[in-house]
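Single-structure report; data block below.
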Amino acid sequence: MSDLYRSTLSARLAKLPADIPSNINIEDEDEEVGDSLGSLPGSGLGPPAMPSMSHRTRKAKKEPNPAFAPISAKNFFVQAFQVALPGRKLDCRVYYTPPKFANGTVMVCQHGAGYSGLSFACMAKEITDLSGGECGVLAIDARRHGKTMSTSDQPDEDLSIGVLVDDFVGVVQTIYPDAQASPNLILIGHSMGGSIVTRACTILLDRKYTIGGVAVLDVVEGSAIEALPHMNSLLNARPDGFDSVEEAVEWHLNTKAIRNPTSARISIPAVISPSESSSPIVPPFIWRTPLRSTAPYWQSWFVGLSHTFLNVRTARLLVLAGTDRLDKELMIGQMQGKFQMIVVPGTGHMLHEDDPTRLAEIMSERLNSLKFMKTPTGPQVLMLGAQIHAAGGWRLYLEYFICGIDCSSQAVVQGYCPTNFEEVLFGYPVGMCI
């Protein structure tokens with residue numbers, strides 16, 4: 001771990017308080033505001049589980065501050081409904097704004113550990129507005145998160161990466177059962193969610209879905225693995241729970257776990273739940289997902305992430321809150337032009353909540369400049385390729401337009417579909433896969 005990264009973690013720790021079955025209309029969020037919490041900035045692991053409270057005393061109860069009252073998500077997504085996965089004994093909550101056109105683009109978003117799909121609410125609204133409705137957004141609550149519920153009569157604690165990936169793929173296939181008729185999908189994952197969408201991408205491509213790109217938000221394998229030994233101390237520094245939803249929102253804003261009050265008021269209620277305990281030492285609201293119990297799966301979430309990300313057969317985008325994040329494999333990949341990286345200054349780990357407008361602009365720019373909205377025509381590809389070539393970036397062009405287009409479709413010309421970038425670079429005409 002670099003000195004800068006270690007000092008950042010120490011500084012954040014020092015700031016924390018010492019005492020610490022059918023479609024459902026989205027308007028039901030107003031009645032369930034106690035459903036929705038946040039992550040330690042930069043840890044990549046989301047909000048902690050509730051530590052043992054046997055050695056802690058309860059502070060004086062704090063009255064709710066109306067300035068931090070929950071906000072309904074009904075103005076940020078068009079729909080909210082449950083997706084039944086009988087084979088997986090899971091009932092998944094999704095939030096959805098469909099695209100204006102059936103063959104448009106949908107950004108499928110997976111949140112980080114401890115959060116919910118509502119962490120993408122503000123960004124979803126911005127994307128819809130910026131794209132004029134051409135781009136839809138689908139946000140999914142992962143297993144044991146948000147309003148996703150197990151239908152099994154047995155304990156369901158497994159959050160290993162394979163299980164989470166299969167859940168994600170199952171939701172996508174249920175909503176879009178016909179791969180050929182499904183919209184163009186852009187997969188976006190924050191922290192743990194980045195690992196999920198990166199691994200799910202290969203499966204969906206093999207099943208003939210059109211994946212226009214993968215965007216990973218603020219998670220790098222090297223930094224995440226380095227942070228794991230420090231997680232117990234970081235988890236212990238957080239409060240056991242809160243006296244009200246408003247206090248939970250206020251705490252996240254005061255500690256800068258989330259820096260956007262509007263987003264916090266939408267997303268935080270989904271990550272705490274009523275404790276339903278009569279014990280005076282148990283807070284009225286506790287963390288919904290006890291991350292301490294997920295410790296056996298932390299390694300599986302992040303080990304191999306960089307390699308998988310660099311080898312997915314589609315466009316790759318890495319968006320970070322800080323520059324001190326790339327591990328060796330990603331540094332090499334970046335120098336080889338294997339992915340695009342963008343740093344969003346002035347944000348923390350929850351960068352898509354801290355600055356949803358900038359994140360939406362980044363995604364919309366990718367949609368526009370890389371023609372993700374619609375499959376580009378031959379002249380468009382060749383013209384854009386020439387522009388990128390003039391800037392010395394042929395490999396980026398090849399990654400985004402050969403790897404990012406379904407080469408099994410009519411887009412292939414002259415009976416040849418280049419699948420090896422080096423073949424195209426050294427001897428084959430550029431722009432044949434159009």
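What to note about this one:
- Every residue from the stretch 219-241 that is open to solvent by 40 Å² or more (accessible area, probe 1.4 Å) and either of a type in the set (Val, Ile, Thr) or assigned to a loop (DSSP other than H, G, I, E, B) (or both): ILE225
- Hits in the stretch 245-299 (condition: under 17 Å from the mean Cα position of the chain (by Cα) and small (Gly, Ala, Ser)): ALA257, SER263, ALA264, SER267, ALA270
- Some residue of the stretch 363-384 being modelled with pLDDT of 85 or more and touching a strand residue (DSSP E or B) at 6+ places or on another chain (Cβ under 8 Å): yes
- When CYS122 is tested against (1) touching a Leu at 6+ places or on another chain (Cβ under 7 Å); (2) open to solvent by 10 Å² or more (accessible area, probe 1.4 Å), just one condition goes unmet, and that condition is (1).
- Test: residue in the stretch 263-271 that is in contact with a Pro (Cβ under 8 Å, 6 or more places away or on another chain), open to solvent by less than 20 Å² (accessible area, probe 1.4 Å) and among the polar types (S, T, N, Q): yes
- Take the conditions (1) over 22 Å from HIS111 (Cα atoms); (2) open to solvent by 10 Å² or more (accessible area, probe 1.4 Å); THR255 misses just one of them, which is (1).
- The set of residues from the stretch 142-162 being in a helix (DSSP H, G or I) and surrounded by fewer than 18 Cβ atoms within 10 Å (Cβ to Cβ) comprises just one member, GLY162.
- When the residues of the stretch 195-218 are filtered to those that are under 13 Å from PHE302 (Cα atoms) and in a helix (DSSP H, G or I), the one that is farthest from the chain's Cα centre (by Cα) is ARG199.
- Those residues of the stretch 317-361 which are surrounded by 19 or more Cβ atoms within 10 Å (Cβ to Cβ), in a helix (DSSP H, G or I) and of a type in the set (A, V, I, L, M), in sequence order: LEU330, LEU351, LEU359, ALA360
- Looking only at the stretch 174-210, residues that are surrounded by fewer than 23 Cβ atoms within 10 Å (Cβ to Cβ) and hydrophobic (A, V, I, L, M, F, W, C) come to 5 in all.
- Evaluation of ILE281 against the conditions (1) over 21 Å from ALA121 (Cα atoms); (2) assigned to a strand (DSSP E or B) shows that the sole unmet condition is (2).
- Unique residue being of a type in the set (S, T, N, Q) and part of a loop (DSSP other than H, G, I, E, B) when the list is THR314, THR308: THR314
- The condition of being surrounded by 24 or more Cβ atoms within 10 Å (Cβ to Cβ), assigned to a helix (DSSP H, G or I) and at pLDDT 95 or above does not hold for VAL165.
- Considering the conditions (1) at pLDDT 95 or above; (2) closer than 21 Å to MET341 by Cα; (3) of a type outside the set (A, V, I, L, M), ASP206 is excluded by exactly one of them, (2).
- Residue that is at pLDDT 95 or above and not in a loop (DSSP other than H, G, I, E, B), where the choices are ALA179, ALA139: ALA139
- Scanning the stretch 147-167 turns up at least one residue that is closer than 18 Å to THR289 by Cα and basic (Lys, Arg).
- Taking every residue in the stretch 166-188 that is within 20 Å of ARG88 (Cα to Cα) and pairing it with any residue that is of a type in the set (Ser, Thr, Tyr), at least 6 positions away or on another chain, the pairs with Cβ-Cβ distances below 9 Å are ASP167/THR148; VAL172/SER182; VAL172/TYR209; GLN173/TYR209; ILE175/TYR96; ILE175/SER182; TYR176/SER182; TYR176/TYR209.
The values are calculated or read from the model by the stated rules, or taken from the named source; none is laboratory data. Quick caveat: nothing in here was measured; it's all calculated off a predicted structure. Counting neighbours? That spans all protein chains shown, and the Cβs are built from the backbone with ideal geometry, glycine included. Surface areas here come from the heavy atoms of the whole protein model, side chains and all, with no ligands, DNA or RNA. Shrake-Rupley method; radii C 1.70, N 1.55, O 1.52, S 1.80 Å.
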